[in-house]
Amino acid sequence: MQYSWLTMPHHRYLLVADQGKLVFVGSPDADLQEAEHYVDGPFEFNDKAMKPFQSVLTAYLTGKTQTVTVPVTFRGTALQTAVWQYLLTIPYGATRTYAQVAAAVGHDRAFQAVGHAVGQNPLMMVIPCHRILRKDGGLGGFRGGLALKRKLLALEQGERPLF
């Protein structure tokens, strides 16, 4: 696994790739220990290999693009994989509820399991789990923290870029 950091003015984000595909995006200022919960090492620092991923995520976070199009790979349970695939279909600026996600993946009543799958997303921002809200419109949770979730949603609603 190769890794590097996406350094932005207020935070840095760990990026991990395997064989040219992004496998993990870390929470703000998190270290390699967070990645170890999602992907198996060993980890090797390689800034050059990570430049394409850094560029695309920088463009997204600065409002220069609405898409994060990079090769990705992820492993999870059948439910997790179905949820993550569905999240990739949610358009920029749109939101869904946990109940809508559950219905879309064929588990109408499995809100808690779907919420857990959303929370286990290894590719924060790339797989847009920040677009999932509670039924009452509340933010719910977010591995990157609720402040970042608010900023990502605001960015996608046309407010000023994050950085």
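No value in this document is a laboratory result; all are computed from the given coordinates. Not measured: the values here are computed from a predicted model. When we count neighbours, we look across all protein chains shown, and the Cβ atoms used for this are built from the backbone with ideal geometry, even at glycine.
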All lysines inside 17 Å of Lys21 as judged from Cα atoms, apart from same-chain residues fewer than 8 positions distant: Lys48, Lys51
The chain - share of DSSP beta bridges that are antiparallel (%, nearest 5): 60 percent
Positive-pole candidate from Trp84, Ala49, Gln120, dipole of the chain, charges at beta carbon: Trp84
Whole-number percent relative contact order across the chain, with pairs defined as alpha carbons under 8 Å at least 6 apart: 22 percent
Over the range 78-156, relative contact order from alpha-carbon pairs under 8 Å, at least 6 apart, %: 32 percent
Residue-averaged 222 nm ellipticity for the chain, from DSSP H runs of 4+ at -39500 (n - 2.57), nearest 500: -10000 deg cm²/dmol
Rounded to the nearest 20 debye, dipole of the range 1-65 from Cβ charges on Lys, Arg, Asp, Glu: 440 debye
Cα centroid of the range 85-123 to Cα centroid of the range 1-36, whole Å: 23 Å
Calculated semi-axes √(5λ) of the Cα gyration tensor in Å (choose from (1) 40, 30, 13; (2) 25, 19, 13; (3) 22, 20, 16), label: (2)
Semi-axis lengths, Å, the range 82-137, gyration tensor of Cα atoms, sqrt of 5 times eigenvalues: 15, 12, 10
Exposed trypsin sites (Lys or Arg not before Pro) absent: longest stretch of the chain, with sites in DSSP loops and at most 11 other Cβ within 10 Å deemed exposed: 1-63
Whole-Hz ³J(HN,Hα) from phi, Karplus 6.51 cos²θ - 1.76 cosθ + 1.60, for the range 21-37, glycine and proline x: 10, 5, 10, 7, 10, x, 5, x, 6, 6, 10, 4, 4, 4, 4, 5, 7
The range 26-163, dipole about Cα centre (Lys/Arg Cβ +1, Asp/Glu Cβ -1), debye to the nearest 20: 520 debye
Sequence-distant residues sharing a close amide H with Met125 (under 5 Å, placed H): His130
Amide hydrogen neighbours beyond the local backbone of Leu133, cut-off 5 Å, H modeled: Arg96, Thr97, Tyr98
Cβ-based net charge around Gln100, under 14 Å, with every Lys or Arg adding one and every Asp or Glu removing one: +3
Cβ-based exposure ranking for Ile127, Ile90, Ile132, in which fewest neighbours within 10 Å come first: Ile90, Ile127, Ile132
Length-normalised contact order for the range 43-108 - Cα pairs under 8 Å, 6+ apart - percent: 21 percent
